[in-house]
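> Input: one structure, supplied below.
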């Protein structure tokens, strides 16, 4: 089955639609609690996550190492979740992180602003003026989050395979439409290619985890491009020794058969801590 990502506007019933999809497809729900549990397993607690979760970080947070840690482990958790079987992944940049997977079904859930305000007012027990303020802030933060971390315009419908308007259909009806779309995306060929590509992405992310976070080797902007079991390393380092250490560390990651380096030596290269 396809990997399903749900991007949703506040008050558009995105979470409700995701739960309906889980019932229709048998996929596992990967919502905020599930993703945060995955980040916690990698050492990122609530105090760190709250600075970046679906928002553009403030100035100091954007200049911190925590920003890089958050993005790295968010990608790792998303790839791990998708590789474990059929999933419905809600928010948190999943559409950008998993972009290009042949079996990706990316859904945007929207609704008319007035209806969203009525729903939020009822949900939080506030008036519609306050509900509109909450919606405006949520839309602003999600837009900033996607632009800052992924250079993606979250408001652009062309970023998604399907846009669903829950002002026309309720969550249950919308889920049926999405399920029909998934049946078109989830062909045997797409599933096979998607499984292969997902394994490559996950292997590359695990290599970066080992080099940067496991061995603490000073390679900056490290990316590990997987082509099957072969890894090509990209990045910048101060010394050839660091490059050699990165290559050796990459070779120890399970599933890696060969490692090539295109890491560049830039003397006196430094980044802000």
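FYI, it's all coordinate maths here, none of it is from the lab. In this text the structure is predicted, and so the values were computed from the model without any measurement. For neighbour counting, all protein chains shown are included, and Cβ atoms are generated from backbone atoms with ideal geometry for every residue, glycine included.
> So for the chain, averaging the separation of alpha carbon pairs under 8 Å that are six or more residues apart and normalising by length, what relative contact order in percent results?
22 percent.
> Sticking with this structure for a sec: In whole Å, how far is the Cα centre of the range 120-192 from that of the range 200-265?
About 35 Å separates the Cα centre of the range 120-192 from the one of the range 200-265.
> Shape call for the range 129-189 from the C-alpha gyration tensor, a ≥ b ≥ c root eigenvalues: rounded (a/c under 1.5), prolate (a/b greater than b/c) or oblate?
Note, shape of the range 129-189 comes out oblate.
> Could you give the angle, 0 to 90 degrees to the nearest 10, between helix 65-83's Cα long axis and the longest principal axis of the Cα atoms of the chain?
Compared with the principal axis, the helix lies near 70 degrees.
> Same structure, new question: Calculate the spin-label point distance for residue 240 paired with residue 147, positioning each point 7 Å from the Cα along the beta-carbon direction, and give it in nanometres.
4.5
> Right, next: Where does the Debye-calculated log10 I(q)/I(0) of the range 1-125 sit at q = 0.17, 0.22 Å⁻¹, using only Cα point scatterers of equal weight, no solvent?
Taken in order of the listed q values, log10 I(q)/I(0) reads -0.94, -1.27.
> At what distance in nm do the modelled label points of residue 187 and residue 68 sit from each other, each positioned 7 Å from its Cα along Cα→Cβ?
4.2
> Still on this structure: Residue 176 to residue 257: extension gain in nm, 0.36 nm per residue of separation minus the Cα-Cα distance?
Values: separation 81, 0.36 × 81 = 29.16 nm, distance 4.33 nm.
Length difference between fully extended and current span is 24.8 nm.
> In what sequence, highest mean first, do 228-235, 75-82 appear when ranked by Cβ atoms within 10 angstrom? Walk me through the numbers on the way to the answer.
Numbers: 228-235: 17.6, 75-82: 21.9.
Listed from highest to lowest mean packing, they are 75-82, 228-235.
> Pull out a ≥ b ≥ c, the square roots of the eigenvalues of the alpha-carbon gyration tensor of the range 173-273, then state rounded if a/c is under 1.5, prolate if not and a/b is larger than b/c, and oblate in the remaining case.
prolate
> Show me 30-43, 1-14 ranked by packing, highest mean number of other Cβ atoms within 10 Å first.
Averaged packing, sorted descending, gives the order 1-14, 30-43.
> State the extension gain, in nm to one decimal, for the chain segment bounded by residue 47 and residue 155, taking 0.36 nm per residue of separation less the distance between their alpha-carbons.
36.1 nm
> Hey, quick one: spin label on residue 99, modelled 7 Å out along Cα-Cβ, who in the range 105-142 has an amide N within reach, i.e. under 15 Å?
Only 105-108 pass the distance filter.
> Relative to the longest principal Cα axis of the chain, at what angle does helix 128-150 sit, 0 to 90 degrees, rounded to 10?
The angle comes out near 20 degrees.
> Could I ask something else about it? Report, to two decimal places, the Cα Rg of the chain normalised by 2.2 N^0.38 Å (N = number of residues).
1.09
> Give, in nm to one decimal, the length gained when the segment between residue 221 and residue 139 is fully stretched (0.36 nm per residue of separation minus the Cα-Cα distance).
Between residue 221 and residue 139, full extension yields an extra 26.6 nm.
> Angle between the Cα long axis of helix 171-185 and the longest principal axis of the chain, 0 to 90 degrees, nearest 10?
Tilt of helix 171-185: around 40 degrees.
> Place a label point 7 angstrom from the Cα of residue 168 along the Cα-to-Cβ direction, then list the residues of the range 108-136 whose backbone nitrogen is under 13 Å away.
Only 110-112 pass the distance filter.
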